[in-house]
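Before any comments, here is the structure.
The values are calculated or read from the model by the stated rules, or taken from the named source; none is laboratory data. Just so you know, these numbers come straight off a predicted model, no measurement behind them. Neighbour counts are summed over all protein chains in view; Cβ atoms, including those assigned to glycine, are modelled from backbone coordinates with ideal geometry.
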Amino acid sequence: MDPTFPLAHLYLSGLLQFQGRYKESIQEYRKSRLLSGSDPDDAAREAAGRLEAFNKGGEKGFWQHVLEEMLQAEKRGQPQPEASTIAAVYAMAGDKDNAFGWLNRAYEQREGQSITLLKFNPYFKNLHGDPRFTALLQRLGITE
């Protein structure tokens, strides 16, 4: 309804990722950053880095780049994302062990909504079927 609403562009970016449309996703992510008030040069640099990572390494390269961005946030004077967000990127990058490590940290930190939606969050789809995923859902009181 409002083409200048940044969150809509961020969610569209995520949807495009799940459709495998990474280049379009990067464009929407950049729009979201701009509409959120980010510096245009920073938004362009981020988008260019993501595109380069995707072009060189495909989906896995893209997610590895996003992960590096997240883990470097504090060095840039930005707050580090929630543990469950970092876990989601590890999961998408195919690193299940680190994904579960960060999910356990999210559980211990009682992240709230992020962790309670774990079962339905598509970023964690490749963790389904892993006994650690089932055990975490049980600790959360969420049944299969």
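Quick look at the values:
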read-out: Among (1) touching an Asp or Glu at 6+ places or on another chain (Cβ under 8 Å); (2) closer than 27 Å to GLN109 by Cβ; (3) in contact (Cβ under 8 Å) with a residue 24 or more places away in the chain, the one test that GLU69 misses; value: (3)
read-out: Any hit, region 58-65, residues being in contact with a His (Cβ under 6 Å, 6 or more places away or on another chain), modelled with pLDDT of 95 or more and within 22 Å of LYS23 (Cα to Cα); value: no
read-out: Filtered residues of region 94-144 (kept if touching a helix residue (DSSP H, G or I) at 6+ places or on another chain (Cβ under 7 Å) and aliphatic (A, V, I, L, M)); value: ALA99, LEU103, ALA106, ILE115, LEU118, LEU127, LEU136, LEU137, LEU140, ILE142
read-out: Among (1) at negative phi; (2) more than 13 Å from the chain's Cα centre (by Cα); (3) assigned to a helix (DSSP H, G or I) - the single one GLY58 does not satisfy; value: (1)
read-out: Inter-residue pairs, beta-carbon under 8 Å, first more than 20 Å from ARG76 (Cβ to Cβ) and in region 33-61, second of a type in the set (A, V, I, L, M) and assigned to a loop (DSSP other than H, G, I, E, B), 6+ apart; value: LYS60/ALA93
read-out: Among the residues listed as LYS75, LYS125, the single one being over 21 Å from TYR11 (Cβ atoms), at pLDDT below 95, assigned to a helix (DSSP H, G or I) and not assigned by TED's automatic domain parsing to the domain that holds SER38; value: LYS75
read-out: Members of region 82-93 found to be touching a helix residue (DSSP H, G or I) at 6+ places or on another chain (Cβ under 6 Å) and either surrounded by fewer than 16 Cβ atoms within 10 Å (Cβ to Cβ) or not in a loop (DSSP other than H, G, I, E, B) (or both), listed by number; value: ALA83, SER84, ILE86, ALA87, ALA88, VAL89, TYR90, ALA91, MET92
read-out: Residue match in region 35-45 (condition: within 13 Å of the chain's Cα centre (by Cα) and either farther than 20 Å from ALA91 by Cα or part of a helix (DSSP H, G or I) (or both)); value: no
